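Everything on this sheet refers to the single structure shown next.
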Amino acid sequence: LVTIEDTRANLTADELVGESEEARAALEALVRARLLVIRETADGIIYEIAHEALIGGWGTLRSWLDEEREGRILLHSLETAASEWERLGKPRDALWGTAALTRASLYLDESSLRPREREFLSASRRAVARGRQLRRAALVAIPLVLGSVYGVVKINEYRAVQAKVEERFADANAALDEARSSMESLRRERHDAFRRFDAHESGAEESWAKAVELSADVDRHYKDTLRELEAALILDPDRDDARELLAETLYERALLAEQEHDPRRVEELRERLGIYDMDEAYARRWSAPGLVRVAVRPRGAVVDIAKYEQGEGDVLRLVDERTLGETPIDRAEVSPGSYLLTFSYDGVAVRYPLVVERDDELEISFDMPPKDAVPGGYIYVPPGRFLFGSADDETLRQPFYYAQPLHQVSTGGFLVGKNEVTVSQWIEYLESLAPAEQDEALPQSEQLSLRRIADGGWEMRFLVGDKEHLLRRGVNMVYEARERSREHDWLKWPVTGVSFLQARDYASWLASSGRLPGARICTEWEWERASRGADARRYPHGDKLAPSDGNYDRTYRIAEANGPDEVGGEGRARSPFGVEDLVGNAYEWTSLEGKDGEVGARGGAFFSDPSNVVVYNKSIVPESFRDAQTGVRICASPTWAP
């Protein structure tokens, strides 16, 4: 039920189960579990996987597909060959030969094949057997007579086959021309959509919808090209020009899949490409390095580089660590991929996540912070580019995540808090205000409230379930329902129950008091770059989230255990820049790029599920909104650089 392109196939019950009662029972169980759905079409009842997201998101299915990759590629060829054989009226010259049949016996379980494919293989074996009999007969028959008759027959057959091959080539080239023409239109539409998104213009989503439609058209034309070329090769396996054009088409289709940020389809297409890329020319083109120039000041900063690689459990880990040299670096060849550069000078280290594309030419240029210029608790994010938005299915991207389509944008340099603002830091702010102003700035929600008590101290009222906790300095919060991380200093919690307007006033106080010059609420671009670095990862540390990677609804698992944790907890996910507490614990206010008056909350909170804590998800809420799950992280403009 999964095609070679990792999309859903539509099959009838007979095609799926044949006469197998076990297979029929399995089919019924999958339907009952809602993993498969039944649809009625003009051709009858068909079955398909309930949602395309299951193909990538259901781990068991994904592992089966990966384990049987070679067999799936061969099965695709078999299905194409059997369909073509049937369409042509089942001629003998469209059957498989000995080599293809040998591969089929090695990689395919014939009991699981559909009737048409089994019939095709049986006919191919009979044809091969007849061929052997003819060759044996030729040894004892009259050689000249048999040779002349056989030769005439073979010449006529060859001419007929070549005519069909040329017809297939013509159809393939026409489909490829359509794909390339549509690709040019797709590039223009994508460029226009991204320009509109980045300029905050109206019509961006409409333009992107056109790009999505064009992308499907391009891919369909590439699929048509591949089908015709594979059919040509089935008819004449010796056509090297068909193999070359197949390789070129697979390469271009893999580039399209990469552009659409579909790594599994990229991998699938590159594996198919390897079958036809005999001299590995396309493999070399795929891996063509980018050129990186480093003009970071001052001269003499040491530049180290390491590559991000998908590790066990979809966690990204750094490998191949090495030193590039000292600045300036005129040009360094770097293979395509996601990297972490580290710049070190005079005891100061700056991290710089970077995605290098094939044939890239880019320059990294910024001023290193002077020693002690970055305040404690803050991290410097230098100017640079990164991938912003979501590559999820369109049914999730905009209506669920409220995210733009994934594309490259750039930010200037900025400072970002390593952790969320804590209750203790907010109390310091409150104590600087006049009593009337204090009342306006107090954190408040149904679940919590902070107030000043008679002895001049502060008291936090916090509800967990139906139980109210009254917390004062020296009185820790104890989560009785938790098995671990039970006791907390509530003063080290992220402050929550504050609105965007209150958070903005807090940032203004930091700036005006000299505690953090240039302090402000982070923009959504700054927040997302600080979270994900430069690549398309879903979480700060990779693409899979463990319960211990943050404080969200699966961390402690029961409602009576849900609540804030102290910031900076051990073992929590950290971003490539070293920023912490970006997964759960408390939502963080951000200003939306180019949308005055609209604000967003990012990062999820202690009640959020994994889909809500992805780095590109945001909740759009009023500036005055307050609840026990929404807090703040501060950004600032650097003082040492323009």
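The values are calculated or read from the model by the stated rules, or taken from the named source; none is laboratory data. In this text, all values refer to a predicted model and were calculated from it rather than measured experimentally. Don't worry about glycine lacking a Cβ; one is built from the backbone with ideal geometry, like all the others, and counts go over all protein chains shown. Heads up: the accessible areas ignore ligands, DNA and RNA and are worked out on the full protein's heavy atoms, side chains in. Shrake-Rupley method; radii C 1.70, N 1.55, O 1.52, S 1.80 Å.
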Looking at (1) open to solvent by 60 Å² or more (accessible area, probe 1.4 Å); (2) under 21 Å from the mean Cα position of the chain (by Cα); (3) under 27 Å from G97 (Cβ atoms), which is the one condition that is false for E244?
-> (2)
Do you know which of the residues in segment 557-577 that are open to solvent by 30 Å² or more (accessible area, probe 1.4 Å) and among the acidic types (D, E) is modelled with the highest pLDDT?
-> E566
Answer from R520, R554 - the residue that is surrounded by fewer than 23 Cβ atoms within 10 Å (Cβ to Cβ) and not in a helix (DSSP H, G or I) | R520
Given R504, R484, which one is of a type in the set (K, R) and at pLDDT 95 or above?
-> R504
Evaluate segment 283-306: report whether one residue or more is touching a residue at least 60 places away in the same chain (Cβ under 8 Å) and touching a Phe, Trp or Tyr at 6+ places or on another chain (Cβ under 6 Å).
-> yes
How do the strands (runs of 3 or more DSSP E) wholly within segment 282-335 filter down when requiring 2 or more residues that are open to solvent by 20 Å² or more (accessible area, probe 1.4 Å) and aliphatic (A, V, I, L, M): which remain?
-> 316-326
Assuming D346 fulfils every condition listed in (1) touching a residue at least 24 places away in the same chain (Cβ under 8 Å); (2) out of contact with any helix residue (DSSP H, G or I) (no Cβ under 9 Å at 6 or more places or on another chain); (3) on the phi < 0 side of the Ramachandran plot apart from one, which condition is it?
-> (3)
So which residues in segment 603-634 are within 19 Å of D543 (Cα to Cα), part of a loop (DSSP other than H, G, I, E, B) and of a type in the set (D, E, K, R)?
-> D609
Taking segment 24-49 and keeping residues within 10 Å of N10 (Cβ to Cβ) and of a type outside the set (V, I, T) leaves R39, D43, Y47, E48
Considering each residue of segment 221-260, count those that are in contact with a Ser or Thr (Cβ under 9 Å, 6 or more places away or on another chain) and of a type in the set (K, R), and give that number.
-> 2
Scan segment 446-458 and give yes if some residue there is on the phi > 0 side of the Ramachandran plot and either surrounded by 21 or more Cβ atoms within 10 Å (Cβ to Cβ) or of a type outside the set (K, R) (or both), otherwise no.
-> yes
Criterion violated by D543 - all others in (1) touching a residue at least 60 places away in the same chain (Cβ under 8 Å); (2) under 24 Å from A636 (Cβ atoms) satisfied = (2)
T590 buried (at least 17 other Cβ atoms within 10 Å of the Cβ), at pLDDT 95 or above, within 29 Å of S338 (Cα to Cα) and in contact with a Ser or Thr (Cβ under 7 Å, 6 or more places away or on another chain) | yes
Test each condition in (1) assigned to a helix (DSSP H, G or I); (2) aliphatic (A, V, I, L, M); (3) open to solvent by 30 Å² or more (accessible area, probe 1.4 Å) for A232 and report the one that comes out false.
-> (3)
Evaluate segment 33-56: report whether one residue or more is in a helix (DSSP H, G or I), open to solvent by 60 Å² or more (accessible area, probe 1.4 Å) and not hydrophobic (A, V, I, L, M, F, W, C).
-> no
Do the conditions hold for R253, that is, is it in contact with a helix residue (DSSP H, G or I) (Cβ under 9 Å, 6 or more places away or on another chain), open to solvent by 20 Å² or more (accessible area, probe 1.4 Å), touching a residue at least 24 places away in the same chain (Cβ under 8 Å) and under 21 Å from R227 (Cα atoms)?
-> no
Index of the failed condition, G417 passing every other in (1) touching a Pro at 6+ places or on another chain (Cβ under 8 Å); (2) within 30 Å of H200 (Cα to Cα) | (1)
Limited to segment 270-281, what total is found for residues that are free of Cβ contacts under 8 Å to residues at least 60 places away in the same chain and not in a loop (DSSP other than H, G, I, E, B)?
-> 5
Sole residue being surrounded by 14 or more Cβ atoms within 10 Å (Cβ to Cβ) and either touching a helix residue (DSSP H, G or I) at 6+ places or on another chain (Cβ under 6 Å) or not small (G, A, S) (or both), chosen from R195, R220 | R220
Only one of these is within 20 Å of F607 (Cα to Cα), of a type in the set (D, E) and open to solvent by 20 Å² or more (accessible area, probe 1.4 Å): E440, E483, E428, E394. Name it.
-> E483
Any hit, segment 21-30, residues being loosely packed, with under 15 Cβ neighbours inside 10 Å and over 37 Å from the mean Cα position of the chain (by Cα) | yes
If you go through segment 336-347 one residue at a time, how many are open to solvent by 50 Å² or more (accessible area, probe 1.4 Å) and touching a Leu at 6+ places or on another chain (Cβ under 6 Å)?
-> 0
Looking only at segment 109-123, count how many residues are at pLDDT 80 or above and open to solvent by 80 Å² or more (accessible area, probe 1.4 Å).
-> 1
Would you pick out the residues in segment 65-79 that are open to solvent by 20 Å² or more (accessible area, probe 1.4 Å) and touching a helix residue (DSSP H, G or I) at 6+ places or on another chain (Cβ under 6 Å)?
-> E70
How many residues does segment 362-382 hold that are under 24 Å from the mean Cα position of the chain (by Cα) and open to solvent by 40 Å² or more (accessible area, probe 1.4 Å)?
-> 0
Residue under evaluation L501, criteria (1) touching an Asp or Glu at 6+ places or on another chain (Cβ under 7 Å); (2) within 14 Å of Q425 (Cα to Cα), criterion not met | (2)
